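The values are calculated or read from the model by the stated rules, or taken from the named source; none is laboratory data. Computed from a predicted structure; not experimentally measured. We place every Cβ from the backbone using ideal geometry, glycine too, and count neighbours over all the protein chains shown.
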Amino acid sequence: MENGNKFGYFAKDVAADLEITTSSLRRWSIELEKLDYSFERNEKEQRIYYERDFKAFRELKKLLSNSVPFVDAVKAVASMGLENKNASKTPSVFREEIRLSKDELQEIIHQAVKAAVEEEREAMFQAFEHKMNDVIEKRDRVLTQQLQQSMEAKRLEIAAAKETESESPKTWWQKLFGNHQ
C-alpha cells in the first residue's frame with residue numbers, strides 16, 4: 001500500500017491490509033460517514049480509499065484494540081480532522097467496464113460473424129465477376145479474330161472469283177452482244 005497517497009483502493013484491498021473483514025470495513029465507513037467523514041466514490045458509488053483513510057482506519061483499529069468503545073473510537077477518529085485530502089481519482093479506479101448478458105454477447109458475436117461473412121461473400125463475388133469479365137473478354141477477342149479471318153477468307157474468295165471470271169473465255173452470248181448490258 002505504498003502508493004496509497006497516489007492511488008485509490010477498493011474495500012477488499014483495504015480490509016486485507018488492515019486484516020479485517022470487508023463487512024467490518026463497511027460498518028466502520030458507514031459510522032464515520034454519519035459523523036461527516038467523507039470517502040471518494042466512483043461512478044458506481046463504490047467507496048474508494050486513499051492513504052488518509054488508511055490512517056483513519058489504523059487509528060480506529062488501534063483504539064478498538066485498546067478497549068475503547070466503538071462509538072467513542074469512531075467519534076475520536078472522525079474528529080481527528082485529518083488534513084490530507086484524498087488524492088485525485090486515478091484511471092485505475094475509473095476503468096470503464098461493460099457488462100453484457102450472455103444473449104447480448106451472443107447477439108454481438110452473431111452480428112460480427114454475419115458482417116464478416118457478408119464481407120467475405122462480397123469479396124468472392126467481386127473476384128468471380130472479375131474472372132468472368134476476363135473470360136468474356138478473351139472469348140470476345142477470339143470471336144472477333146475468327147470473324148475477321150472468316151471475312152478475309154470471303155474477300156479472297158470473291159476476289160479470286162472475279163479474277164477467274166475475267167480470265168475465262170467469253171460465252172457466245174457475250175461475244176454476240178459484247179460487254180454492253
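Things worth noting here:
- Phe94 meets the conditions (1) in a loop (DSSP other than H, G, I, E, B); (2) among the aromatic types (Phe, Trp, Tyr); (3) at pLDDT 90 or above in every case but one. The failed one is (3).
- For the range 35-70, the set of residues classified as of a type outside the set (Gly, Ala, Ser), free of Cβ contacts under 8 Å to residues at least 40 places away in the same chain and over 22 Å from Phe7 (Cα atoms) consists of Lys62, Leu63, Leu64, Asn66, Val68, Pro69, Phe70, listed by residue number.
- Screening Lys44, Lys55 for residues that are basic (Lys, Arg) and more than 17 Å from Val77 (Cα to Cα) leaves exactly one candidate, Lys44.
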